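J.: Once you've had a glance at the structure underneath, I'll fire off some questions.
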Amino acid sequence: MNQATAIAHANLAFVKYWGKKDPVLNLPANNSISMNLSAAYTTTTVVFANDLLDDEVQLDGEDADQKFADRVGRHLDRIRQYAGVYTRARVETRNTFPASAGIASSASGFAALTLAAVAALGMELSERELSILARQGSGSACRSIPDGFVEWRTGATNRDSYAESIAPAEHWDLLDVAVIVADQPKGVSSSLGHRLAPDSPFWAMRQAQLPERLEQVRRAIHERDFVTFGQEIETEALSLHAIMLTSAHEVAGSWRSGIYYWLPDTLELLIAVQNWRADGIPVYFTLDAGPTVHLLCPAERGEQVQEAVWLTQGRRNWSMIVSLPAVGARLGGATI
Ligand code: PMV
């Protein structure tokens, strides 16, 4: 059997990966900590077949665009090289969430692709080896391999940059309410953002603060200390965006002082969160490279948080994806 199907969840970083030590191997500048998201996952089937002249890639039931197909092909080459085979593959991949939701489908996608391709070739790799391989496809994909709450250690070489679970999914009933305020692709790619980050005047300060922040977030997760956790992740998200907002660059010959991933609705939500907290709702936010706002709260307060979002939304067309912590990448799922 040269075929396997794997499922992997997207992940949300609490301490962020922004800036690379090595852009080819995706070695990050700093450790990051994340949680797998139960409602956002990718199911991928890989079939290696001798009669194929080239790799074939389908995304959500349709032929994938060339850019995505090439990226998948390059990752399959990496896995073929590892296995010592040349056979081409058919890849079918489906996401439970829209591509422009502000939830990285590349993390769940490359984690599921790695596990499915490795299994289809009959290889049995350790979680660490899978995480190392997934990282080379897309940096944050290495965090979608282990269970629950995860830390990706920078490492100095390809062999020692991988993610490990720091607590299982059932450790803490923490809810992520992802509020999608706009359904549009981001203006500046995260790969450009990673490249520009070290030129920000605040880069050195952020790097100096990160060891302490990582320690606090790790401890808060272990002790289920929601207040420390919330304060650290909100501060961290703003530290990330301070770097982005001061990453000067040019677009088509025109100078820009920084990258604005926020929209007016994003800022409105950030201010609303502060007011909800003052009104006694335990909720904190984090943000990635886009306008989507992630609201974190204890699971039992989820309905209250969603209600507060509906009230703030008014006539606008926001949508929400609500997730608990999820397990890591696994084989199985319906063949598609
Ligand atoms: O995986 P990339 O290269 O799209 O970078 C992800 C960067 C953030 O989402 C902003 C932070 C993170 O750690 O996921």
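Derivation of every value follows stated rules applied to the coordinates shown; laboratory data play no part. Keep in mind it's a predicted model, so treat the numbers as computed, not measured. Don't worry about glycine lacking a Cβ; one is built from the backbone with ideal geometry, like all the others, and counts go over all protein chains shown.
J.: P(r) tail for segment 2-170, what percent of Cα pairs lie past 20 Å?
T.: Value for segment 2-170: 46 percent of Cα pairs lie more than 20 Å apart.
J.: Let's see if you can work this out: charge +1 on each Lys and Arg Cβ, -1 on each Asp and Glu Cβ, no other charges. What is the dipole magnitude of segment 152-222 about its Cα centre, in debye to the nearest 20?
T.: So the magnitude is around 320 debye.
J.: Right, another one. Place the peptides 178-186, 59-67, 40-48, 255-263 in order of packing, highest mean first, counting for every residue the other Cβ atoms within 10 Å and averaging per peptide.
T.: Highest-to-lowest ranking by the protection proxy: 40-48, 178-186, 255-263, 59-67.
J.: For segment 174-323, just say rounded, prolate or oblate: build the C-alpha gyration tensor, square-root its eigenvalues into a ≥ b ≥ c, call rounded for a/c under 1.5, and beyond that prolate if a/b exceeds b/c, oblate if not.
T.: oblate
J.: Figure the gain on full extension for residue 183 and residue 156 (residue separation times 0.36 nm, minus the Cα-Cα span) and round it to one decimal in nm.
T.: Net length gain for the segment: 6.0 nm.
J.: Next up: With springs only between Cα atoms under 10 Å, which of 11, 36, 95 fluctuates most in a Gaussian network model of the chain?
T.: Top of the fluctuation ranking is 95.
J.: As a test of the formula, what do you get for the chain when each DSSP H run with n ≥ 4 contributes -39,500 (n - 2.57) and the sum is divided by the residue count, at 222 nm and rounded to the nearest 500 deg cm²/dmol?
T.: After summing the helix terms and dividing by residue count, I get -11500 deg cm²/dmol.
J.: Further question: Which value, in debye to the nearest 20, describes the size of the charge dipole of the chain about its Cα centre when Lys and Arg Cβ atoms bear +1, Asp and Glu Cβ atoms bear -1, and nothing else is charged?
T.: Here the chain has a charge dipole of around 680 debye.
J.: All other residues with a Cβ under 15 Å from the Cβ of residue 146 taken together, and with Lys, Arg as +1 and Asp, Glu as -1, what is their net charge?
T.: So the surrounding residues net to 0.
J.: Would you mind counting up the charge near residue 88? Only other residues with Cβ under 12 Å from its Cβ, with Lys and Arg at +1 and Asp and Glu at -1.
T.: Residues near residue 88 contribute -3 overall.
J.: In percent, how large is the relative contact order of the chain, given Cα pairs closer than 8 Å and 6 or more residues apart?
T.: 25 percent
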